[in-house]
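Laboratory data are not the source of any read-out in this text; all were calculated from the coordinates shown. Quantities reported herein were computed from a predicted structural model and do not represent experimental measurements. All Cβ positions, glycine included, derive from the backbone under ideal geometry; neighbour counts span all protein chains shown.
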Amino acid sequence: MNRPIQPTYTLDKVGEENFALNLGPQHPGTHGVLRVILHMDGEYILKADPVLGYGHRMQEKIAENMTYPQTLPYVSRMDYLGALSYNLAWVLAVEKLCQFEVPERAEVIRVIATELNRISSHLLWWGAFLLDLGGFTPFLQALTDRERILDILEEITGSRLTYCYFRFGGLPSDVDEEWLTRVLDFIKEFRTRLPRYHDLVTGNVIFHHRSKDVGVILPFDAAGYGLSGPILRGSGIDFDVRKHEPYSGYDRYDFEVPVDQNGDCLGRYNVRMAEIEQSLRIIEQAIGSIPEGPVRSKVPKLIKAPEGEVAVAVETPRGQLVIYIVSEGGKKPYRVKYRVPSFANLSIFAKMARGQLLADALAILGSLDMVIPEVDR
Amino acid sequence: MNISLLSVFGYLVGIAALVGLNAVILVWLERKVAGHMQFRLGPMEVGPHGILQTLADGIKLVSKQLVIPDEADKPLFLLAPIVSLVPIFAAMVPLPFSETVQAWELNIGLLLIIALGLLNTLGILLAGWGSNNKYALLGGARAVAQILAYKIPLLICVMTIIMMTGSFSLRDIAIAQKDTWNVLYQPILFIVYIITVTLETNRSPFDFSEAESELVAGFHTEYSGMGFSLFFLAEYSYMFIAAGLATVLFLGGWHGPWLPGVAWTLIKIYSIIFLMMWFRWTFPRVRIDQMLSFGWKILLPLSLINFIITAGVLAL
């Protein structure tokens, strides 16, 4: 019999007001099946033990037993909010392994779709973070705009959440002018709606009190724990895979990497809000410079990878995703390793939660932008 | 005092109807206000503009099983919603709706309402303790922890008004504002009052004892069916009483042009309730320690200074 391993509840320090609080797996503040055992002293947290694996699906092992195209729609199940980034990473890895060419038009459309996906992910995070802080209205505001992105992406990908749009060597279908103008219309309208977000939340005094100087991550810790994405940049370290190890032609676009020196929840908030604007800029430039031509190069029907190993890094909405494939030749990979951002980002939570109030711990967890299936894989 | 049994019965029925009707309207209003603030419509299905939605929900809640957790302290668990709700019936008694419409003119009506308002916290604490759930307990403990931080500024607010009028009777206080409403003399006090009352009724941004994202559902985590709805009934009734008190203390009670007194009272009460809903659907939640220091360091000095200045002006 395989029994799940039960973590112990032994408290480090037993006092009259000490108790263990089981936060999750079903808790509105954990956004998924994350379970954290909190050792509490009244409202203060003495120690936090994250318990992972409720959604473990053996993604890596499954990838070893499936062909490269079969794994393609499955990778996006890890980070369902940034599905296109995963889609892109897998496609890029296999293309690098098999040395497939990608037409330029396909690359540009990939960037447009991925950045739209990034905005929708950040919007959902914005709403969910405010939900963690007890504000309900922002969530629905964000979802109203996110809905429009989903509509736009649905038109080209056919699905609304776990997209599978990219193919080895390009795209399954081209986009038309109408779709591109639709994206531009969205950007134009969204730019008028973004200031409302700031009016409602960013300038709010309660929000500032809840997020400023809460959950500070020092740059030293941020690098040491292997954090990435907006959390790393919120701690003052300027690193973005799109900028520093460009892929899919990101080096062609003029965009900034927002960095905040404070390292607190507000810093991470500011970074993500600025990233939304940068993503809009990238999409505008991409649509402005989209070349004509085919969207798919010639790729053999049966994909047989040569022997070798390959690693590809992609900036997902949550941070740096690395897909590492070892191939011994043939239709299936020998070994696949996903280095997922959420897993590394969660690792610092135990350190940050120590000594905090329960309310602050949930604000910190919210600011880390967890996607639990990505952590569990 | 000449109170016949019949009139007592009449008052009770009237107040029960008021409590029930008020909750039905407020739950619907809250969902509508929330909906429109979030670019949606809110309930639309049951009745025109979903006006009967609360009734349908009420029937569902009544017909549901009241689940009592195994480990719960059963008597306390069952007592808590009742402790929370019953004081409402007494607290509504001295509330004047117009010069003539008042259940019972009581010369210490104001004190009665303030005192009975505290019993709600007892209900929350009982629910938190009786549920034998850590989240519920935390919610109950939070409710108790915040009492002093808001009750003292609230009492000083009320004291200032009493000092200005020279009476504990709500009717006298309203009559004294025939020409000028107190809010014009005491705008700061009015703001302090609204904040403390939002705290007292456990409304967002001060809904610590519920705090959905932190404590799941706080003190009523383990309640279902009727127990849950009694808490809601109590919350909305306390909102009504708090707004009613604000109307009498600051907004001149039933005084107003053209419309009859009762209409003016209700308009003012529901305007204040709308304001409280507006808070709830706009602000994120304050952290409990920040709220405590806000209560002690800002609300208390503010109301005290106001009290002293008012006393000085009155003495002159």
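What the table below lists for this structure:
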{"read-out": "In the range B:154-240, the trypsin sites (Lys or Arg not before Pro) that fall in loop regions by DSSP, at most 15 other Cβ within 10 Å", "value": "B:K178"}
{"read-out": "Neighbourhood charge, 9 Å Cβ-Cβ cut-off, centred on A:I37 and excluding it, Lys, Arg +1 and Asp, Glu -1", "value": "+1"}
{"read-out": "Reference-scaled alpha-carbon Rg (2.2 N^0.38 Å with N residues) for the protein assembly as shown", "value": "1.12"}
{"read-out": "At most 14 other Cβ within 10 Å, DSSP loop - chymotrypsin sites (Phe, Trp or Tyr not before Pro), the range A:267-342", "value": "A:Y334"}
{"read-out": "A:R35 long-range amide H proximity, modeled H, under 5 Å", "value": "A:V51"}
{"read-out": "Residue exposure sequence - A:S121, A:S327 - by fewest surrounding Cβ within 10 Å", "value": "A:S327, A:S121"}
{"read-out": "Whether the range B:68-315 is rounded, prolate or oblate, judged on the alpha carbon gyration tensor where a/c under 1.5 counts as rounded", "value": "prolate"}
{"read-out": "Within a Gaussian network of chain A (alpha carbon springs, distance under 10 Å), most fluctuating of A:Q59, A:Q278, A:Q26", "value": "A:Q26"}
{"read-out": "Spin-label model distance (nm) - A:S297 vs A:T67, 7 Å beyond Cα toward Cβ", "value": "2.1 nm"}
{"read-out": "For the range A:344-349, Karplus couplings with θ = phi - 60° (6.51, -1.76, 1.60), whole Hz, Gly/Pro x", "value": "5, 5, 5, 4, 8, 4"}
{"read-out": "Shape call, chain A: gyration tensor on alpha carbons, a/c limit 1.5", "value": "oblate"}
{"read-out": "Cβ-based charge dipole, the range A:228-281, positive-most Cα from A:G249, A:S235, A:V259", "value": "A:G249"}
{"read-out": "Shielding by partners, peptide B:202-215 (average Cβ within 10 angstrom, other chains)", "value": "5"}
{"read-out": "Under-26-angstrom lysine pairs by C-alpha in the range A:68-376, whenever the two are 8 or more apart or on separate chains", "value": "18"}
{"read-out": "Chain B, helix-only ellipticity at 222 nm - DSSP H runs n ≥ 4, -39,500 (n - 2.57), divided by all residues, nearest 500", "value": "-22000 deg cm²/dmol"}
{"read-out": "Ascending count of other beta-carbon atoms within 10 Å, so fewest first, for A:D254, A:D221, A:D240, A:D145", "value": "A:D254, A:D221, A:D145, A:D240"}
{"read-out": "Sequence of A:H209, B:H220 once ranked by neighbouring C-beta atoms within 10 Å, starting from the fewest", "value": "A:H209, B:H220"}
{"read-out": "Axial C-alpha extent at least 20 Å, average Kyte-Doolittle at least -0.5 - helices from chain A (DSSP)", "value": "A:83-98, A:104-132, A:137-157, A:265-288"}
{"read-out": "Local net charge near A:D176, Cβ-Cβ under 13 Å (Lys/Arg +1, Asp/Glu -1)", "value": "-3"}
{"read-out": "Residue mean of other protein chain beta carbons inside 10 Å, A:347-359", "value": "2"}
{"read-out": "Globularity ratio of the range A:135-188, using Cα Rg and 2.2 N^0.38 Å", "value": "1.35"}
{"read-out": "Surface/4 of the Cα convex hull for the range B:57-159, nm²", "value": "8.9 nm²"}
{"read-out": "For B:83-93, mean number of other protein chain Cβ atoms within 10 Å", "value": "0"}
